[in-house]
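Single-structure report; data block below.
The values are calculated or read from the model by the stated rules, or taken from the named source; none is laboratory data. These figures come from a predicted structure and were not determined experimentally. Cβ placement follows ideal geometry from the backbone for every residue including glycine, while neighbour counts extend to all protein chains displayed.
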Number of protein chains: 2
Amino acid sequence: MGISPLIDRLIEAFQVLPGVGPKGAQRMTLQLLQHNRAGGGVLAATLAEAIETVGHCQACRTLCEQPLCRYCESPERDDSQVCIVESPADIIAIEQAGGFRGRYFVLHGHLSPIDRIGPEELGLEELLSRVRKLQPAEVILATNATVEGEATAHYIGELLKDDVSTITRIAHGVPLGGELEYIDGGTIVHALQGRRSIN
Amino acid sequence: MGISPLIDRLIEAFQVLPGVGPKGAQRMTLQLLQHNRAGGGVLAATLAEAIETVGHCQACRTLCEQPLCRYCESPERDDSQVCIVESPADIIAIEQAGGFRGRYFVLHGHLSPIDRIGPEELGLEELLSRVRKLQPAEVILATNATVEGEATAHYIGELLKDDVSTITRIAHGVPLGGELEYIDGGTIVHALQGRRSIN
């Protein structure tokens with residue numbers, strides 16, 4: 001029980017945010033009410049607007065408020081490569097890394113029979129028709145390096161094998177700056193199997 | 001640059017929250033849009049309502065949406081003790097600790113000439129009239145154990161000395177569970193000076 005019913009409700013409401021518990025929510029509430037009502041007002045309005053209007057890109061299924069996201073809409077992107085990822089956050093990570101100029105497709109998850117997430121939930125029919133329309137030379141499977149991510153990549157590889165000549169999986173290995181001593185065994189096995197000639 | 005202009009704006013807006021940087025804001029944005037639009041809607045509406053309606057309690061100056069906060073309004077609280085704190089968060093901490101049943105007064109800061117925060121900004125005239133009205137037997141100075149908090153407590157002690165018979169300062173010492181080995185020297189000096197007879 002805090003100071004007033006409305007402030008208590010706001011502290012409660014902030015706890016929907018990931019990583020925010022009662023103490024953090026209280027700090028956010030008091031900080032905005034005491035020191036930054038303008039910023040809080042912008043946050044409330046922008047959040048309401050986003051929840052109301054953000055849907056999925058008709059082409060790649062990522063989150064966006066327009067019919068097509070900026071990557072699907074851009075004429076400067078390369079149709080010959082399609083990168084398949086699990087979530088919109090992965091697109092942000094790849095774009096921030098730079099170097100990829102192709103198109104995307106977002107699964108919004110991975111195959112998980114126990115959670116009843118099958119090919120339909122991942123939009124694999126849409127993926128198939130998108131691939132048939134774009135006719136990319138290469139599809140890059142950039143699902144996570146987890147058991148579920150691997151299984152999903154394998155399933156999609158099988159699904160697309162008649163339509164795409166080159167299907168690739170992102171490399172698994174030692175991350176940059178990683179010291180072998182502290183890397184887990186599975187990663188080292190992958191790094192050895194995936195070794196490349198440098199001369 | 002994220003996925004869409006609106007999502008970028010929302011990621012930006014979340015960064016007004018204390019302790020939230022670009023990565024955390026991105027995680028909050030995607031989490032709400034992907035998995036919890038209902039909770040996000042409640043957060044947006046509650047935040048907007050709070051920013052619109054929360055003001056200050058007319059008696060103790062804490063944040064609340066009614067004319068009087070729940071502590072000033074309650075007939076069950078003890079008028080004979082008034083506890084003076086720097087912020088509404090301090091009231092929450094004291095109430096959660098339990099044991100205090102008196103009234104409060106919130107300074108919203110401490111004396112700080114460099115930031116142009118003087119007696120007027122801290123509402124010390126309102127404090128004086130409140131003390132004269134309540135005529136408490138004791139005023140407890142619960143400002144922070146910082147240089148500014150001490151100075152503010154000293155100033156208020158002087159201000160109220162003709163109107164209140166007992167003016168006290170909260171104890172400074174070793175916190176519960178604290179091991180002497182790891183406590184700073186200033187705290188140990190206070191703990192020794194404030195020692196009490198136990199027989």
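For segment B:138-169: of the residues being in contact with an Asp or Glu (Cβ under 9 Å, 6 or more places away or on another chain) and among the small types (G, A, S), which is nearest to B:G186 (Cα to Cα)?
Per the criteria, the residue is B:G149.
Report the residue count in segment B:163-199 for those that are loosely packed, with under 13 Cβ neighbours inside 10 Å, within 25 Å of the chain's Cα centre (by Cα) and in a helix (DSSP H, G or I).
Counting residues in segment B:163-199 that are loosely packed, with under 13 Cβ neighbours inside 10 Å, within 25 Å of the chain's Cα centre (by Cα) and in a helix (DSSP H, G or I) gives 1.
Would you be able to tell me the number of residues in segment B:48-62 that are touching a residue at least 40 places away in the same chain (Cβ under 8 Å) and under 11 Å from A:I7 (Cβ atoms)?
1
Taking B:E158, is it free of Cβ contacts under 8 Å to residues at least 12 places away in the same chain, more than 27 Å from A:P22 (Cβ to Cβ) and assigned to a loop (DSSP other than H, G, I, E, B)? Before the answer, list the steps.
Working: free of Cβ contacts under 8 Å to residues at least 12 places away in the same chain: yes; more than 27 Å from A:P22 (Cβ to Cβ): yes; assigned to a loop (DSSP other than H, G, I, E, B): no.
In short, no.
Of all residues in segment A:45-60 being closer than 22 Å to A:A153 by Cβ and surrounded by 23 or more Cβ atoms within 10 Å (Cβ to Cβ), which is farthest from the chain's Cα centre (by Cα)?
If we filter segment A:45-60 for residues that are closer than 22 Å to A:A153 by Cβ, which is where we start, we get A:56-57, A:59-60.
Restricting the remaining residues to those that are surrounded by 23 or more Cβ atoms within 10 Å (Cβ to Cβ) gives A:57, A:60.
Values: A:C57: 13, A:C60: 12 Å.
Of everything passing the filter in segment A:45-60, A:C57 is farthest from the chain's Cα centre (by Cα).
Can you pull out every residue in segment B:19-32 that is of a type in the set (S, T, N, Q) and more than 7 Å from chain A (Cβ to nearest Cβ)? Let's see the steps before the verdict.
As a first pass, look at segment B:19-32 and keep what is of a type in the set (S, T, N, Q): B:26, B:29, B:31.
Within segment B:19-32, B:T29 is the sole residue that qualifies.
From the residues in segment A:77-99 that are touching a residue at least 12 places away in the same chain (Cβ under 8 Å), more than 13 Å from the chain's Cα centre (by Cα) and away from every other protein chain (no Cβ under 14 Å), which one is surrounded by the most Cβ atoms within 10 Å (Cβ to Cβ)?
Among those residues, the one meeting the criterion is A:V82.
I'm trying to understand the selection: among the residues of segment B:62-76, which are outside any helix (DSSP H, G or I) and over 11 Å from the mean Cα position of the chain (by Cα)? Even if it seems obvious, please write down each step before you answer.
If we filter segment B:62-76 for residues that are outside any helix (DSSP H, G or I), which is where we start, we get B:62-69, B:74-76.
Selection gives B:C64, B:E65, B:Q66, B:P67, B:L68, B:C69, B:S74, B:P75, B:E76.
Out of segment B:5-25, which residues are more than 19 Å from A:L33 (Cα to Cα) and among the charged types (D, E, K, R)?
Result: B:D8, B:R9, B:K23.
Based on what the data block shows, is B:L128 away from chain A (no Cβ under 12 Å), modelled with pLDDT of 95 or more and either under 14 Å from B:Q58 (Cα atoms) or surrounded by fewer than 19 Cβ atoms within 10 Å (Cβ to Cβ) (or both)?
On the way: away from chain A (no Cβ under 12 Å): yes; modelled with pLDDT of 95 or more: yes; either under 14 Å from B:Q58 (Cα atoms) or surrounded by fewer than 19 Cβ atoms within 10 Å (Cβ to Cβ) (or both): yes.
In short, yes.
Can you tell me which residue within segment A:1-18, out of those that are facing chain B (nearest Cβ under 7 Å) and under 30 Å from A:C64 (Cβ atoms), is surrounded by the fewest Cβ atoms within 10 Å (Cβ to Cβ)?
Looking at the filtered set, the residue picked out is A:P18.
Do the conditions hold for A:I114, that is, is it in a helix (DSSP H, G or I), at pLDDT below 95, more than 10 Å from chain B (Cβ to nearest Cβ) and out of contact with any Cys (no Cβ under 7 Å at 6 or more places or on another chain)? Step through it out loud before you land on a result.
Working: in a helix (DSSP H, G or I): yes; at pLDDT below 95: yes; more than 10 Å from chain B (Cβ to nearest Cβ): yes; out of contact with any Cys (no Cβ under 7 Å at 6 or more places or on another chain): yes.
Judged against the criteria, A:I114 is a match.
Looking at B:Q58, is it touching a Pro at 6+ places or on another chain (Cβ under 7 Å) and not assigned by TED's automatic domain parsing to the domain that holds B:G109? Before you say what the answer is, go through the steps one by one.
On the way: touching a Pro at 6+ places or on another chain (Cβ under 7 Å): yes; not assigned by TED's automatic domain parsing to the domain that holds B:G109: yes.
So B:Q58 passes the test.
Anything in segment A:101-125 that is surrounded by 21 or more Cβ atoms within 10 Å (Cβ to Cβ) and more than 18 Å from A:Q135 (Cα to Cα)? List them, or say none.
A:L107, A:H110, A:L111, A:L122
When B:A45 is evaluated against the numbered criteria (1) without any contact (Cβ under 8 Å) to a residue 24 or more places away in the chain; (2) closer than 26 Å to B:K133 by Cβ, which criterion, by number, is the only one it fails?
Going through (1) without any contact (Cβ under 8 Å) to a residue 24 or more places away in the chain; (2) closer than 26 Å to B:K133 by Cβ one by one, B:A45 breaks only (2).
Would segment B:61-68 turn up any residue that is buried (at least 17 other Cβ atoms within 10 Å of the Cβ), facing another protein chain (nearest Cβ under 10 Å) and closer than 21 Å to B:Y155 by Cα?
Within segment B:61-68, the subset buried (at least 17 other Cβ atoms within 10 Å of the Cβ) is B:61-65.
Filter once more, keeping what is facing another protein chain (nearest Cβ under 10 Å): B:62-65.
Now restrict to residues that are closer than 21 Å to B:Y155 by Cα: B:62.
Yes - at least one qualifying residue is present in segment B:61-68.
Mind listing just one residue for me: the one in segment A:33-44 that is within 7 Å of another protein chain (Cβ to nearest Cβ) and not polar (S, T, N, Q) and, of those, surrounded by the fewest Cβ atoms within 10 Å (Cβ to Cβ)?
Among those that are within 7 Å of another protein chain (Cβ to nearest Cβ) and not polar (S, T, N, Q), it is A:R37.
Quick check, is A:E148 modelled with pLDDT under 95, over 18 Å from the mean Cα position of the chain (by Cα) and charged (D, E, K, R)? It would help to see each step written out before you state the result.
Numbers: modelled with pLDDT under 95: yes; over 18 Å from the mean Cα position of the chain (by Cα): no; charged (D, E, K, R): yes.
It is false that A:E148 is modelled with pLDDT under 95, over 18 Å from the mean Cα position of the chain (by Cα) and charged (D, E, K, R).
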